[in-house]
Amino acid sequence: MDIPTLAQSIYTSSVGTAIRESETLFPLIESVHVLAITLVAGSIAVVDLRMIGLSWTSRPFSRIASEVLPYTWIAFLAAAVTGALLFTSHAVEFTQNPYFLLKMGLIALAGLNMLTFHFITSRNRAAWDDSRRPPLAVRLSGAASIVLWIGIIAAGRWIGFYLDQVRFGG
Amino acid sequence: MEDNATISALVQWLAATRLSSALTAWPEIIPLLQSIHIVCVAIVMSSVSFYNLRVLGIFARQLPIGAVAARFLPWMWWTMPVILTTGILLITAEPARDLQNSTFWLKMLLLLGALSLTTVMYVGRDREEAIRAGTIRKPRWRQLVAAVSIILWIGIVFAGRMIAYTQNGS
């Protein structure tokens, strides 16, 4: 099945139809989505700023990561579920929206950055866990995460802006 | 609020200002300001959430409340001016969208409540040391205030997103 056919069947699914035809479901799910995204970006920034060596440097990196990241994951799960629900309601339009594709690409890059850090960069974590200024690779990974999440928020806002431009001609 | 003559006059005056024309001269200015606004909301939401979760005894329990407040509350206070500036610019660009919208005024009311509660908690933070030292008993009201604060901040994000759906004549 190709992407347009798949998007069309998601669009006509009962979930997609229910959200699209309801007056209140889309705005409510979208509000939860925005709330979840703000908590993902804001909480991960706490860890990123520690990796860069800008904030909470008096505490070991691993301590902050283990305290903060569970909240990031809960919020990310909420963002992913609500995002998927929003997608079903206008699946065809979203797959044709350049900012939606940009947002998905940026999320993939943020995931890749996280995996690279987790499996490669942080292998010598014990050597810099207490350091107020972690090694360059760690600082770069933290900075990349902050930039990517700001990009994800902006791309997300632009998805709606682009939809309005297409629907109402700006 | 929608029928208030003073508000109508303010909306007309704002819409006629040079700043309002400048902000609407290029359609991308509004999503750009909204993106900056949401990034700042991410910082504030995460900061107040971690602080309030610490007061509730859920987050970073081994740290004194004062240490968690020192890490997170300055981020909230320093981000608020950017939120207010981008918010005022967005109102200036499209005054009727916000000022003649009851959801916007609900958001302002919730914001006033949330900021007041955070201030009350912050002013009383010195008592934390005495509580830890066992000199005085931990007051339960602080936990109640923390729980109410979290609910108010969630309400602010919801109302903020719902403004787009409750505009007059849309």
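Filtering the stretch A:53-63 to residues that are facing chain B (nearest Cβ under 9 Å) and either in contact with a Phe, Trp or Tyr (Cβ under 8 Å, 6 or more places away or on another chain) or of a type in the set (A, V, I, L, M, F, W, C) (or both) leaves only A:Trp56.
Selection over the stretch A:78-112 of residues that are free of Cβ contacts under 8 Å to residues at least 40 places away in the same chain and open to solvent by 30 Å² or more (accessible area, probe 1.4 Å) gives a count of 10.
Being away from chain A (no Cβ under 14 Å) and either outside any helix (DSSP H, G or I) or crowded, with 16+ Cβ neighbours inside 10 Å (or both) is the filter here, so list the residues in the stretch B:16-25 that pass it.
Quick first cut of the stretch B:16-25, residues away from chain A (no Cβ under 14 Å) only: B:16-23.
The answer is B:Thr17, B:Ser20, B:Leu23.
The residue that is farthest from B:Thr119 (Cα to Cα), among those in the stretch B:26-52 that are without any contact (Cβ under 8 Å) to a residue 12 or more places away in the chain and more than 7 Å from chain A (Cβ to nearest Cβ), is B:Trp26.
On the basis of being touching a helix residue (DSSP H, G or I) at 6+ places or on another chain (Cβ under 9 Å), modelled with pLDDT of 95 or more and within 14 Å of chain B (Cβ to nearest Cβ), does A:Arg157 make the cut? Yes: the conditions hold for A:Arg157.
Looking only at residues of the stretch A:132-170 that are touching a Gly at 6+ places or on another chain (Cβ under 8 Å) and in a helix (DSSP H, G or I), we find that the one that is surrounded by the fewest Cβ atoms within 10 Å (Cβ to Cβ) is A:Asp164. Evaluate the stretch B:81-97: report whether one residue or more is within 11 Å of chain A (Cβ to nearest Cβ), open to solvent by 10 Å² or more (accessible area, probe 1.4 Å) and outside any loop (DSSP other than H, G, I, E, B). Checked against the condition, which is being within 11 Å of chain A (Cβ to nearest Cβ), open to solvent by 10 Å² or more (accessible area, probe 1.4 Å) and outside any loop (DSSP other than H, G, I, E, B), the stretch B:81-97 yields no hits at all.
Hey, does the stretch B:30-52 have a residue that's of a type outside the set (Phe, Trp, Tyr), open to solvent by less than 60 Å² (accessible area, probe 1.4 Å) and not in a helix (DSSP H, G or I)? There is no residue in the stretch B:30-52 that is of a type outside the set (Phe, Trp, Tyr), open to solvent by less than 60 Å² (accessible area, probe 1.4 Å) and not in a helix (DSSP H, G or I).
The values are calculated or read from the model by the stated rules, or taken from the named source; none is laboratory data. Just so it is clear, the structure is predicted and the values come from calculations on it, not from any experiment. Cβ sites come from the backbone with ideal geometry, for glycine too, and all protein chains shown count toward neighbours. Ligands, DNA and RNA are excluded from the accessible area calculation, which covers all protein heavy atoms including side chains. Shrake-Rupley method; radii C 1.70, N 1.55, O 1.52, S 1.80 Å.
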